[in-house]
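Remarks on the structure that follows.
Derivation of every value follows stated rules applied to the coordinates shown; laboratory data play no part. Everything quoted here is computed from the prediction, not taken from an experiment. Cβ: placed from backbone, ideal geometry, glycine included. Neighbour counts: every protein chain shown.
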Amino acid sequence: MRSGYPGGAVAVGLIVVAAALICGVATRVLIVQLARRNILDRPNDRSSHRFATPRGAGIAVVATVLAVWLGLAAIGRVSAAVFTISIAAGLLAAISWLDDLDGLSPITRLVAQAAAIAIGLTALPADHIGLRDAFGPVLPELVLGLLWLWWVNAFNFMDGIDGLAGSEAAAIGAGLLLLGSFGAAADPTLALLAAAVLGAALGFLRWNWAPARIFLGDVGSVPLGYLTGFCCCPSPRVETGRRR
């Protein structure tokens, strides 16, 4: 594995294992607690499960990913921009949890997601959004923001089907990890961020694989879509979290 610092491959491996173990244990606890509180995903026409199943594993998944990301940012392994993204993802998770509990209007959800994405765009460096020189400062960010918003909702749609959201999150995390680890475009900071996503997804998948014992809920699927979207943005792991 190509790395920008000593022990990079070991660090990535430790993050994957630790995140998987922590998220797996936390998810197991949530299965019991959410069932007791009757926070359940009830089958509908597109569901693959036949019985009401706890939802809210995203609490464990997102908390695990954010804990790792914030820790990495605190010790300088990744960009300070990760602090901004983590705060936005945490707020998005809180709003999505309210949606899981009581249901929010589509416009409220959309406004919250758009606000989080607007915050995320401010964490990207001005000179790394490639079409700015050709089309000016607004259009590239508008396109990127719309794509990011689409991805958040596409990822959210995957939840509620046995193993789908967990498998997709694990596959994305693994793909980003490989992208950040090998080749001319290797980015060790991307590898570290992706390792947290992969590990947390694997820990969750242990309980989400068919027959699923728990689902992410919006509290997990929406922030995960947001975080993986950030990882896919042009050069999101820059050295500074502020625009130049």
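Summarising the amide proton neighbourhood of Asp41: residues at separation of 5 or more, or on other chains, whose placed amide H is nearer than 5 Å comprise Thr53, Arg55. Couplings for the range 89-106, taken from phi via the Karplus curve 6.51 cos²θ - 1.76 cosθ + 1.60 with θ = phi - 60°, read 5, x, 5, 5, 5, 4, 5, 5, 5, 4, 5, 4, 7, 10, x, 10, 5, x Hz in order; Gly and Pro are left as x. If you take all other residues with their beta carbon under 12 Å from the beta carbon of Asn153, and give Lys and Arg +1 and Asp and Glu -1, the sum is -1.
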